[in-house]
1. Yes or no: region 57-66 includes at least one residue that is in contact with a Leu (Cβ under 8 Å, 6 or more places away or on another chain), assigned to a helix (DSSP H, G or I), farther than 30 Å from residue 355 by Cα and not assigned by TED's automatic domain parsing to the domain that holds residue 255.
2. Sort through 344, 325, 332, 359 and tell me the only one that's part of a helix (DSSP H, G or I) and modelled with pLDDT under 90.
3. Identify the single condition in (1) part of a strand (DSSP E or B); (2) in contact with a helix residue (DSSP H, G or I) (Cβ under 9 Å, 6 or more places away or on another chain) that residue 159 does not satisfy, given that it satisfies every other one.
4. Could you list all residues from region 175-201 that are over 23 Å from the mean Cα position of the chain (by Cα) and closer than 13 Å to residue 163 by Cβ?
5. Quick one: residue 178 ticks every box in (1) assigned to a strand (DSSP E or B); (2) open to solvent by 30 Å² or more (accessible area, probe 1.4 Å) bar one, so which box is it?
6. Quick one: in region 90-127, which of the residues that are open to solvent by 50 Å² or more (accessible area, probe 1.4 Å) and of a type in the set (A, V, I, L, M, F, W, C) is farthest from residue 239 (Cα to Cα)?
7. Under 8 Å between Cβ atoms, which residue pairs at least 6 apart in sequence (or on different chains) link something in region 144-161 that is in contact (Cβ under 8 Å) with a residue 24 or more places away in the chain and open to solvent by less than 30 Å² (accessible area, probe 1.4 Å) with a partner that is among the hydroxyl-bearing types (Ser, Thr, Tyr) and assigned to a strand (DSSP E or B)?
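The values are calculated or read from the model by the stated rules, or taken from the named source; none is laboratory data. All values reported here derive from a predicted model rather than from experimental measurement. Here the Cβ is made from the backbone with ideal geometry for all residues, glycine too, and neighbour counts use every protein chain on show. Heads up: the accessible areas ignore ligands, DNA and RNA and are worked out on the full protein's heavy atoms, side chains in. Shrake-Rupley method; radii C 1.70, N 1.55, O 1.52, S 1.80 Å.
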Amino acid sequence: MEYRATLSTPDDLADFRATVRAWAEEHIPTGWESRFGGAVDEGFRAFQREWLQTLRDGGYAAPHWAKEWGGGGYSLAEQIVIFEEFSRLNAPPLRNYFVALNHAYATLMHAGNDEQRKRHLPAILDGEVWCQGFSEPEAGSDLAALRTRAVRKGDVYVVNGQKVWSSRAAFADRCLLLARTDPDAPKRHGISYFLLDMTSPGVEARTIRQATGAAEFCELFLTDVEIPVIDLVGEENDGWRIAQSTLSAERGLAQLELAERMAAALSMVEELVRETTIDGRSAIEDDAVREQLVTLETEVILFRRLCKRMVSDLVRRGGTGPESSIVKVFYSELLQRLMAFGVSLAGLDTHRLTVKPVSAGYESGRWMLDYIDSFAWVIAGGTNEIQRTLIGERVLGLPREPVAS
């Protein structure tokens, strides 16, 4: 079933697609996945820096960034072409720079000042790694309940508190940090947004070992950390509103790449079906297998179209609406179904694979590990339970859930 390069306008972008494809075929390193094990070590970090610079030289490191800040300045349709062609050729995802290129850029363009943009955006393209300090042990889906405290003392804010689930914080240079600056204000009105230098005294990052054996996530402990006032984004106590631009980046343009990676994962599943036998016959001859495969193919096509529509709305309105919750729930649960199907076909062999390359995404072909990994997506960016509440209240117009007294 050939469908993967059909979302873009075929006629007026044919030359552009040919240019992107030619560059990708020349520059994407072959066999890059097999070079790295399961740890984010210095070898992998060096590879990521080199690949970022290769993409930057070609104009593809930040296709959604404005040209004046070193980005590609490409249209939405052109960005879709880039994601499609890079996914088709299995380009290395810029995993270490996801927060920097998406979240930090969106935040600085939306609420930062020129001095902050001039300081940080060129540094990101030079290889600066960023992490995100939003969630806390008792403030995950209910992010507004965060308790990390920032108190202004002269030209600095002194910060104390704890963050959790901060991807790559162990070697990040900067952190997008939310902290409470007015403990007496309603919880969404007393939060401020900071740019934290991770080398500051009092910052400690501890890795969290995951079920797959990887240690991507970290806890952050902040003890009397001083953040200069110049690293406050926007106005004091306006952090909640600014954070929505950060979350819009996560739920907006970043979903385009996830959609194309999922299409690549579906191709891997299709290949697995062709290679698998059931009772001496090809798995594709099994009615149940064929029905599941066709259902998944249909759902992946639908997901990619939903993503394109959502990002079109993002560009038109300057932000995502409640449809981002629908896309997030659909993606996370479709990813689980896709990986579970892979596990059922791969059988016992997939249980013997205990490590997958750190360079791989959520779709590596190590089906059991991918399936375990997929559960992260029902939590990340707001649990699916919270997203369903948002869908019910903001899309379907259902009554709000009663608040316990």
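1. no
2. Numbers: 344 fails: modelled with pLDDT under 90; 332 fails: modelled with pLDDT under 90; 359 fails: part of a helix (DSSP H, G or I).
Within the list 344, 325, 332, 359, the selection yields 325.
3. Against the list (1) part of a strand (DSSP E or B); (2) in contact with a helix residue (DSSP H, G or I) (Cβ under 9 Å, 6 or more places away or on another chain), residue 159 comes up short only on (2).
4. Hit for region 175-201 is 180, nothing else.
5. Only one criterion is unmet by residue 178, namely (2).
6. Applying the first criterion (open to solvent by 50 Å² or more (accessible area, probe 1.4 Å)) to region 90-127 yields 90, 95, 98, 109-110, 113-115, 118-119, 122, 126.
From the residues that got through so far, the ones that are of a type in the set (A, V, I, L, M, F, W, C) too are 98, 109.
On the way: 98: 21, 109: 15 Å.
If we take residues in region 90-127 being open to solvent by 50 Å² or more (accessible area, probe 1.4 Å) and of a type in the set (A, V, I, L, M, F, W, C), then 98 is farthest from residue 239 (Cα to Cα).
7. Short answer, once both residue conditions are applied: 150/157; 150/192; 157/192.
The rows are residues; the columns are (1) in a helix (DSSP H, G or I); (2) modelled with pLDDT of 95 or more; (3) of a type in the set (A, V, I, L, M).
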| site | (1), (2), (3) |
| --- | --- |
| 24 | yes, yes, yes |
| 45 | yes, no, no |
| 54 | yes, yes, no |
| 82 | yes, no, yes |
| 91 | no, no, yes |
| 96 | yes, no, no |
